[in-house]
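> Got a structure here, written out as structure tokens. Questions coming.
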Amino acid sequence: ANRPPSPARHAAISNVLNNFSTHVARHIVENVFKGKLIYSGGDDVLAMVSVDDLLPAMLLLRAAYSGVGDASWLPGGIDLKGLSLGKGFVQIGKGRDKRLMLMMGARATASIGAVVAHHQAPLAAVLRDLRSAEKRAKDHGRNAFCLRVIKRAGGEVAVTARFWETADQPPSLDQTALGMLMRFADTLAQPGMSRRAVYHTTQWLEGLPRIENMERPAWEDIVTHNLAFQLKKQADGLAEQIKEKLPDQARHLVAAALRESAGTADAARVLDDLLVTAEFFAREGRGLGAAEA
């Protein structure tokens, strides 16, 4: 039989959840990003965040919950205000004000639901969509997020994916699904990049043979090369060092779509959702770090 948890273990978990909800979540939402913490208790957090800060805030909250990952790569020149992660701990502050806190560790999992809505949208409807997004993330499996963009003119686009595949082996944060989405949105937001690459690719995907009628490697190769071609075609004004990374970004996006759809017929739809969501966050005023505090 498994050994029952000791009172000391219960006390440690209680202390971790108290530190996360009282100090870490508030620091990330209100000090690092332009947000307001509405509720924070244990592992439950409800917050409102500026749209240009939403993606990095989600990733940083998830990483801080486990106390893992290097957040120094975040695009947009984000100032972490003395926050650092590693080996299951979170440190906040500088100098004599430094505070080191134990977090839940790499084996812990967490799910996040997020909704982007117009500021005049009825709050009750937004909260209902938010609960639905949270449920969709949990149904997708542990350690997942669901991001829903509710368009003002009607309709929505949603991305549901795991933060990383194996909870106890987190990769570098820039290689996670959310990190990849952030990097691609940042690329599309560059002045020398045209977002028409997304529109052309989504139109081309509609006429692509279904994945079940092709070998998976062939489908992946065709879609990756076409997306890379469209990105390079619309990147005449980009610096060469950024252009060189476009094929890698295309490969990671297609691989993520195949992974989250388990190689089923939904792969094209998942890739379409990833592309359209990244394009939404790349628009003027929504680029990472673009909005004024």
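The values are calculated or read from the model by the stated rules, or taken from the named source; none is laboratory data. Please read these numbers as outputs of a predicted model, since none were measured by experiment. We place every Cβ from the backbone using ideal geometry, glycine too, and count neighbours over all the protein chains shown. With ligands, DNA and RNA removed, areas are computed over all heavy atoms of the protein, side chains included. Shrake-Rupley method; radii C 1.70, N 1.55, O 1.52, S 1.80 Å.
Table: residues versus (1) modelled with pLDDT of 95 or more; (2) buried (at least 22 other Cβ atoms within 10 Å of the Cβ); (3) under 27 Å from residue 119 (Cα atoms).
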position	(1), (2), (3)
6	no, no, no
14	no, no, no
20	yes, yes, no
50	no, no, yes
68	no, yes, no
74	no, yes, yes
78	no, no, yes
82	no, no, no
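> I need the full set of residues from the range 161-213 which are out of contact with any helix residue (DSSP H, G or I) (no Cβ under 9 Å at 6 or more places or on another chain), without any contact (Cβ under 8 Å) to a residue 40 or more places away in the chain and under 22 Å from residue 231 (Cβ atoms), in order please.
Hits for the range 161-213 are 203, 207.
> Would you pick out the residues in the range 84-96 that are open to solvent by 30 Å² or more (accessible area, probe 1.4 Å) and more than 19 Å from residue 170 (Cβ to Cβ)?
Result: 94, 95, 96.
> Looking only at the range 234-250, filter to residues that are of a type outside the set (A, V, I, L, M, F, W, C) and assigned to a loop (DSSP other than H, G, I, E, B); which one of those is nearest to residue 177 (Cα to Cα)?
For the range 234-250, the residue satisfying everything is 245.
> Here is a further query. Any residue at all in the range 89-101 that's touching a residue at least 40 places away in the same chain (Cβ under 8 Å) and over 17 Å from residue 29 (Cα atoms)?
Yes, some residue in the range 89-101 is touching a residue at least 40 places away in the same chain (Cβ under 8 Å) and over 17 Å from residue 29 (Cα atoms).
> Could you identify the single residue in 144, 153 that is in contact with a strand residue (DSSP E or B) (Cβ under 6 Å, 6 or more places away or on another chain) and of a type in the set (Gly, Ala, Ser)?
Testing whether each residue is in contact with a strand residue (DSSP E or B) (Cβ under 6 Å, 6 or more places away or on another chain) and of a type in the set (Gly, Ala, Ser) leaves just 144.
> Looking at this structure, is residue 197 under 25 Å from residue 59 (Cβ atoms), among the small types (Gly, Ala, Ser) and at pLDDT below 90?
yes
> Please go through the range 129-160 and give me each residue that is of a type in the set (A, V, I, L, M), touching a residue at least 12 places away in the same chain (Cβ under 8 Å) and out of contact with any Ser or Thr (no Cβ under 9 Å at 6 or more places or on another chain), ordered by number.
130, 150
> Of the conditions (1) of a type in the set (S, T, N, Q); (2) farther than 18 Å from residue 16 by Cβ; (3) in contact with a Lys or Arg (Cβ under 6 Å, 6 or more places away or on another chain), residue 109 clears all except one; give me its number.
Checking residue 109 against (1) of a type in the set (S, T, N, Q); (2) farther than 18 Å from residue 16 by Cβ; (3) in contact with a Lys or Arg (Cβ under 6 Å, 6 or more places away or on another chain), the one that fails is (2).
> Restricting the search to the range 151-194, which residues are on the phi > 0 side of the Ramachandran plot and modelled with pLDDT of 80 or more?
Matches in the range 151-194: 155 only.
> Would you kindly identify the strands (runs of 3 or more DSSP E) lying entirely within the range 30-92 that contain at least 1 residues that are β-branched (Val, Ile, Thr), touching a helix residue (DSSP H, G or I) at 6+ places or on another chain (Cβ under 6 Å) and under 19 Å from residue 16 (Cβ atoms)?
The strands (runs of 3 or more DSSP E) meeting that bar are 44-49, 89-92.
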